[in-house]
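Please read the structure below before turning to the comments.
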Amino acid sequence: MAIYLDAGTTYSKIITDSENKMFADNPIKYNNEMFYYIVQSGIIKSLKLTPDRACGHMAQAQENEIVALAKGAKKLDIDKNATVLDLGSRDAKWINFKDGKFRDMDWNTSCASSTGATVEMLLKFYDTKVSDLKYEDEKFNVTCGIFGMEKIMDSISEGIAPKVAISRFVHGIAYNAWNFAKRPNRIYLSGGFCENKCFTDSLSKYCEVNLLGRFVLCEGLII
């Protein structure tokens, strides 16, 4: 069985060429004779996988994530002049194509204000679901994840509902992501934030947003 693994900090994405209940009773989807799974990264080591190719923080044998992002995105229906942004739990990265060829990129691994881990912690702390978050026109200036959390706590202590405060924080992350990617007119979004409607609605205020889903890097590992 061929295994392609994008081992993120919180969740790992797996593509295989045969169905395997070791990952889940049912795959997320089935396409082109390949099976797609999402599992908690905490169990990856216990599975003792030997992937054919792997990338991500939890992967032992790593391929370059930027290369995987570029290759995976080019397999999808994107414009020849495109900016692809991938937001994970602990990092943010983007790549830009011009006439179908690589032109520019950046990778931020040092600031949690641009990533999903902070949002996940806030949702758990305030017992809030991601589906409770809605687009807020007001945004918090999220130059630092720590200061952003302080702003949220101050707002909640002043009577603002947690879901509203977190939504404003998410809007701030979206604004940061757009700036980080050099303010393109369109962003092709990869990663878990594709499933956060508050984020995608917020990002849509600044540019056109096309969702690529969570398996782009995994697709880029398949030769």
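For the reader, a short list of remarks on this structure follows.
- Cα gyration tensor, region 6-49 - rounded (a/c under 1.5), prolate or oblate: prolate
- For region 16-150: rounded, prolate or oblate by the Cα gyration tensor [a/c cutoff 1.5]: oblate
- Contact order relative to length of the chain, as percent, for alpha carbon pairs under 8 angstrom and 6 or more apart: 21 percent
- Protein accessible area in region 132-221, 1.4 Å probe - carbon and sulfur %: 48 percent
- For region 159-223 and region 65-132, distance of Cα centres in Å: 8 Å
- Candidates Asp91, Asp79, Asp127: whichever shows maximal mean-square fluctuation once the chain is modelled as a Gaussian network with Cα springs under 10 Å: Asp127
- Nearest-ten-degree value, helix 145-157 long axis tilted from longest Cα axis of the chain: 50 degrees
- Difference of contour (0.36 nm per residue) and Cα-Cα distance, Asn32 to Asp106: 23.5 nm
- Cα gyration tensor category, rounded, prolate or oblate, for region 1-79 with a/c compared to 1.5: oblate
- Where GluC sites (Glu not before Pro) fall in DSSP loop in region 1-84, at most 12 other Cβ within 10 Å: Glu33
- Where trypsin sites (Lys or Arg not before Pro) fall in DSSP loop in region 1-110, at most 14 other Cβ within 10 Å: Lys21, Lys48, Lys75, Lys80
- Solvent-accessible area per residue, Å², over region 1-150 with all protein chains present [probe radius 1.4 Å]: 56 Å²
- Where Cα atoms sit under 29 Å apart: lysine pairs in region 24-83 separated by 8 or more or lying on different chains: 9
The values are calculated or read from the model by the stated rules, or taken from the named source; none is laboratory data. Predicted model, so just to flag it, every value in this text is computed and none were measured. Cβ sites come from the backbone with ideal geometry, for glycine too, and all protein chains shown count toward neighbours. Heads up: the accessible areas ignore ligands, DNA and RNA and are worked out on the full protein's heavy atoms, side chains in. Shrake-Rupley method; radii C 1.70, N 1.55, O 1.52, S 1.80 Å.
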